[in-house]
1. Suppose we keep just the alpha-carbon trace of region 288-364; what are its Rg and Dmax in angstrom?
2. Starting from the Cα of Thr98, step 7 Å toward the Cβ, then list every residue of region 147-184 with an amide N under 13 Å from that point.
3. To the nearest 20 Debye, how big is the dipole of region 250-301 about its Cα centre, given +1 on the beta carbon of each Lys and Arg and -1 on that of each Asp and Glu?
4. So what are the three principal axis dimensions of region 152-304 from its Cα atoms, in whole Å, longest to shortest?
5. Please report the net charge: other residues with Cβ closer than 12 Å to the Cβ of Tyr214, K and R +1, D and E -1.
6. Please state, as a whole number in µm²/s, the translational diffusion coefficient that the Stokes-Einstein equation yields for region 332-382 at 4 °C and 1.567 mPa s, with Rh defined as the Kirkwood radius across alpha carbon pairs.
7. Per residue, how big is the convex hull of region 34-125 when only Cα atoms are used? Give it in Å³.
8. Between region 142-199 and region 273-327, how many Å separate their Cα centres?
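Computed from the coordinates by the stated procedures, all read-outs in this text should not be read as laboratory data. Every value quoted in this text rests on a predicted model; they were computed, and no experiment measured them. Cβ: placed from backbone, ideal geometry, glycine included. Neighbour counts: every protein chain shown.
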Amino acid sequence: MAQSMCCARPGTRMIGWPVPNSSCAPPMLKIDPELLNNASPSPHRRALEQGYRWLRFEDGLEQQFHDFYIQGHVARVRLAAYMCIVLFIMFVILDLATLPAFVSIRTVSIRIALIIPSFVVVLLASYRGAWRPYLGTAVFSAALVTGLCTVAVIGSALDAGYQIPYEGILLVALFIYLIACLEWRRALLANMVTLCAFVIMEFTLQTDPRARLYQIVFMCAANGVGAYGAYFLEHSIRTTFLVNTLLHELAALDGLTGLSNRRTLNIHLERVWRQALRDRQTVAIAMIDIDYFKRYNDRYGHARGDAALKAVADVIAAQARRPLDLTARYGGEEFAVIWHNPVPGELQAMGELLTAAVAALRIEHSDSDIGSLSVSIGVTIGLPCAGDDAAALLRAADQALYQAKHQGRNQVVVSEPVAALV
Ligand SMILES: Nc1nc2c(ncn2[C@@H]2O[C@H](COP(=O)(O)OP(=O)(O)OP(=O)(O)O)[C@@H](O)[C@H]2O)c(=O)[nH]1
C-alpha cells in the first residue's frame, strides 16, 4: 500500500484523503489534476478537492449522489433480492431435511414469514416506479430483518438445545456489506444492530463458553472485513460519480462562462427542432455578438476582456426561462439563445430586453460609439417542417446579426421568418 503511494506520478492528486504523504494512508483512486484544473468551480470539483473520507458530501450534492446511487444499482439490488429469496428457500429445504421437526418448525417459520417477504418488498420497490424512492429504505429494512432473524434462527435452535451452524450469520454480514448495494453507513448500522443482538443472544443462550468466544470473535472479524471492503467500494463509487459529472461538464459547458458550449447548442437545437416539429410549435434563435470587442481587449487587456465576457454571459444566462430554452457561448465573443415556442410578435422586445440588460452592466468601453459595452443581436424564428434542418435557422439568425452590425451595432434585428421554415 505504502509502495503504491510512493510511486504516484508527481502532481497526481489522491482523492478523498487529506495528504498522501503518510505511509499509513489507505490507497485511493488517483485522478489527473488536469481534470480538476479545467473544470469550472462546482460542488463536484470542491468535493474532489477536499475529499470525502467520511463518505458524505454537502447536502445538495449528497442528494444527487443518493439518486445516482439508487438509479445505478436498481438492477443489482433486484438481482440480490432474487438471490436471497432463492438462497432462503434452499435454507428452508435444508432445515426441513436436516433438523429435527421441533427445531425446523421454528427456523422455517422465521425464514418464510419474515426474511423472504422482506426481499419480496425489495423486489416490488425495484419494479414499481412509484416505490423507487423507498428502495434504499426497503433494502435497509430487509438487511436488518435478515440479520436479526438469522440471530433468532440460531437462538431459537439453541433454546431448543440444538446447535445449528452459525456460519450463516457471517454470510449475512458479508452479504449486507458487499452485495446488498446498501450505502456504507446503512450497511454498518444494520450489521452493528445484528452484531449486538448476536452477542446478547450468545450470552443468554450459549452454554459453551469456548464456542461463544469463538463465534463472537469471528462475527467481529467478519464485520471488520466487510466494513473495510464496503467503505472502499462506496468511496470508489463516489469518485466515479464526481468524475462522471466533471467530464460531462467539461464536454458540455464553456469553461470561462459556464454557459453551454457550441456542441451542446447544436445537439439541443436538433432536439428542440424535432420536438417542435412533432408539436407544431416554433423555435427561435438569437445570435448575440459583443460590439468592438477586439478594441476592448486592446485597450483594457485580455483579463478584463474575460471578465466582461463573463458578465455578459451571466446576463444572457437569465434569458433561458423555460425547460427547453438554452443559452450558449457560440464562440469567441458570440453567444446564442434558443427559445422554444416564443410568441413571434414579442421577439423584438425580447432582444431589446437583452441589449438593455447588457447596457445596464455599464461596462466602460471608451473605444466604442457609445462609451460602454454593447451587443448586437440577430433573431429569427421558424416553424419546423419535415425535411428542413435546424442549421437553416442558425444561418438566418447569423444573417440578421450581420445586418445589425452593418446598421450601426447596439441593436436588434428580427429577420423575416425564413420562407422554407414557415
Ligand atoms: N478576452 C477574451 N477575448 C476573446 C475571447 N474570445 C475571443 N476574444 C476576442 O474577441 C475579439 C473579436 O474581435 P472581432 O471578431 O474583430 O469583433 P469585434 O472587435 O467585436 O468587432 P464587431 O464584432 O464587428 O463589433 C478578438 O479580439 C478575440 O481575440 C476570450 O475568451 N477572451
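1. 13.3, 41
2. 163-169
3. 160 debye
4. 91, 47, 16
5. Details: positive: Arg210, Arg212; negative: Glu167, Glu202, Asp208.
Here the count lands on -1.
6. Value of D from the Cα-based Kirkwood radius: 104 µm²/s.
7. 153 Å³
8. Region 142-199 and region 273-327 have Cα centres separated by 58 Å.
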